[in-house]
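Written below as structure tokens is the structure these notes are about.
The values are calculated or read from the model by the stated rules, or taken from the named source; none is laboratory data. A quick note: this is a predicted structure, and the numbers were derived from the prediction, not measured. Here Cβ is always computed from backbone atoms with ideal geometry, including for glycine, and neighbour counts include all displayed protein chains. Accessible surface areas use protein heavy atoms only, side chains included; no ligands, DNA or RNA. Shrake-Rupley method; radii C 1.70, N 1.55, O 1.52, S 1.80 Å.
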Amino acid sequence: MTHIPMIDLNDGTQIPQLGFGVFQIPPEETASAVKTALDIGYRHIDTAEMYQNEKGVGDGIRDSGVDRSEVYVTSKLNNGFHKPDDARRAFDQTLSALGFDGDDSYVDLFLIHWPLPTLYDGDFVSTWKTLEEFKKDGRARSIGVSNFQVAHLQRLAEETGTVPAVNQIEVHPYFANNAVREYGQQHRIATEAWSPIAQGKVLDDPAVARIAEATGKSPAQVVLRWHIERGDIVFPKSVTLQRIKDNFALFDFELGAEDFDAINALDKGEDGRIGPNPDTFDYVPD
């Protein structure tokens, strides 16, 4: 089986650097996709309450026959549940939807999905303190955040006692998000990269195409390998068997220094962002 590097987190735990994401996988297809990924060798699954497919994740793990303790599972707090009592109820529902009970009644990582700085009086601090409760009682082995900017992270540092283990943010060659990544590196906050291939937009870039041809790898494999070599944690999503396999095959080649630099040079700064800006994003699902 392919050896997946483990990333040391600041709370003493470890996370597999490569995982399988289930964003936008329909609930009815999630169990099959997760089982397929685990059959191939993935041991890290990233879901969220907002995706509405946590049940499929839990079903897929059980269908695979892989012991729960061998699968690293992340979920995220939905945007409408930032108030402490709401967050507690939502977290209980996550464990219920996943079907994790008894000794398995935990998630490996639980995140605040978005800071929502323009909602709830901008109070994501009380939300974070509620996640600290989940870590203390062992139902979340690690806690972290998603889409937090430097100012949001600084506020947590000033007003709470726990540094996030990870920050899951938009990162890809067109938007390297270096300021947030560098803050994370300085404070031992691991970076997880969502949309690592920019929703496919970067795959047709001439620089990526040239490197793919030279290495005999697909453009997606080249870009995902760039993330791996940067130290990002990635969890590409697909429901296509061959792509799930290809996304797992990242450890039998390396990028040369020139190729790595060529991908670095694709960064467009804020102009390259394809997702919402966390400083203003205030979406709450119905």
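Observations on the structure shown:
- Residue pairs meeting the criteria (Cβ under 9 Å; at least 6 apart or on separate chains; first in contact (Cβ under 8 Å) with a residue 12 or more places away in the chain, in the range 129-140; second among the charged types (D, E, K, R) and open to solvent by less than 30 Å² (accessible area, probe 1.4 Å)): ALA140/ASP108
- Scanning the range 94-119 for residues that are over 22 Å from GLN52 (Cβ atoms) and either of a type in the set (Ser, Thr, Tyr) or surrounded by fewer than 17 Cβ atoms within 10 Å (Cβ to Cβ) (or both) gives GLY102, ASP103, THR118.
- Candidates ALA220, ALA212 - the one that is assigned to a helix (DSSP H, G or I), touching a Ser or Thr at 6+ places or on another chain (Cβ under 7 Å), small (Gly, Ala, Ser) and at pLDDT 95 or above: ALA212
- Among the residues of the range 1-21, none is identified as assigned to a strand (DSSP E or B), of a type in the set (Val, Ile, Thr) and touching a Lys or Arg at 6+ places or on another chain (Cβ under 9 Å).
- Close pairs (6 angstrom Cβ cut-off, 6 or more residues apart or separate chains): farther than 21 Å from MET6 by Cα in the range 52-72, basic (Lys, Arg) anywhere: GLY60/LYS35; ASP63/LYS35; SER64/LYS35
- Residues satisfying the stated conditions in the range 143-159, i.e. in contact with a helix residue (DSSP H, G or I) (Cβ under 7 Å, 6 or more places away or on another chain) and not basic (Lys, Arg): ILE143, GLN149, VAL150, LEU153, LEU156, GLU159
- Looking only at the range 233-263, and only at residues there that are without any contact (Cβ under 8 Å) to a residue 12 or more places away in the chain and in a helix (DSSP H, G or I), the one that is nearest to the chain's Cα centre (by Cα): GLN242
- Comparison of ARG62, ARG89, ARG43 shows that the only residue that is under 30 Å from GLY122 (Cα atoms), among the charged types (D, E, K, R) and surrounded by fewer than 21 Cβ atoms within 10 Å (Cβ to Cβ) is ARG89.
- Any chance GLN221 is open to solvent by 20 Å² or more (accessible area, probe 1.4 Å) and polar (S, T, N, Q): no
- Considering residues of the range 228-274 that are surrounded by 13 or more Cβ atoms within 10 Å (Cβ to Cβ) and of a type in the set (Lys, Arg) only, the residue farthest from MET6 (Cα to Cα): ARG273
- Selection status of THR191, over 19 Å from ILE7 (Cα atoms) and among the polar types (S, T, N, Q): no
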